[in-house]
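The values are calculated or read from the model by the stated rules, or taken from the named source; none is laboratory data. Computed from a predicted model, the values in this text were never measured in an experiment. Note: ideal-geometry Cβ built from the backbone for every residue, glycine included; neighbour counts use all protein chains shown.
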């Protein structure tokens, strides 16, 4: 079946530190991969996406590369800010035509000044 | 602002009661999805509609039902509520069913069952 596994949180970093949040997936076929972010008290916002192998999604300084050989889609940012504190969700959308997103369990990021 | 509107934002009700959650998708989006977010279960897919027809079903309880109306808004009905139904319920919409089309989420309805 299709599933997503994220590294357990919380992840606590100092401002300007380098961020990596690991995400691996299991899927049949060729899914699309997404990162969503949820700020406190808000809904999920699309952060970035990649739709095929070796694609790199990027937005607001965040990047993730679709690695089919390692079935991974790790989220990275070179220098985090306090305002990046949130919960980050990795998700996949299967190549079948149901359309639903399958989410990882979420990783809480806390950035301290 | 994602363009997906959910009402109400908060709902407090008692066990055994019935509630209705409403969702208006982004303009032009034909597909609507419902998710439940709880602390111990994470984000669980409940059900999906596409242009008024049920498209996919997830871990939705028999006490829960949903529909999508001709104007494309959707309602999620929760009945015989239990304490364990307390959660954040999200609606999302997408333009297409294809895997490249992202889902856009509303801000959710927080349901508290007392």
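The table below lists the values:
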quantity	calculated
Boolean, residue A:41 is out of contact with any strand residue (DSSP E or B) (no Cβ under 7 Å at 6 or more places or on another chain), more than 10 Å from every other protein chain (Cβ to nearest Cβ) and under 22 Å from residue A:13 (Cα atoms)	no
Residues of segment A:73-95 that turn out to be within 8 Å of chain B (Cβ to nearest Cβ) and surrounded by fewer than 17 Cβ atoms within 10 Å (Cβ to Cβ), as a count	1
Answer from A:63, A:69, A:76, A:15 - the residue that is at pLDDT 90 or above, over 19 Å from residue B:105 (Cβ atoms) and in contact with a helix residue (DSSP H, G or I) (Cβ under 7 Å, 6 or more places away or on another chain)	A:15
Filter result for residue B:111 (touching a residue at least 12 places away in the same chain (Cβ under 8 Å) and within 11 Å of the chain's Cα centre (by Cα))	no
Number of the exception - residue A:66 against (1) in contact (Cβ under 8 Å) with a residue 40 or more places away in the chain; (2) more than 10 Å from every other protein chain (Cβ to nearest Cβ); (3) crowded, with 20+ Cβ neighbours inside 10 Å	(1)
Number of positions in segment B:73-105 that are within 14 Å of chain A (Cβ to nearest Cβ) and either in contact (Cβ under 8 Å) with a residue 60 or more places away in the chain or assigned to a loop (DSSP other than H, G, I, E, B) (or both)	17
Qualifying residue in segment B:49-72 (condition: within 12 Å of another protein chain (Cβ to nearest Cβ), more than 15 Å from residue A:101 (Cα to Cα) and in a strand (DSSP E or B))	yes
Residue check for residue A:103: within 29 Å of residue B:5 (Cβ to Cβ), within 12 Å of chain B (Cβ to nearest Cβ) and crowded, with 17+ Cβ neighbours inside 10 Å	yes
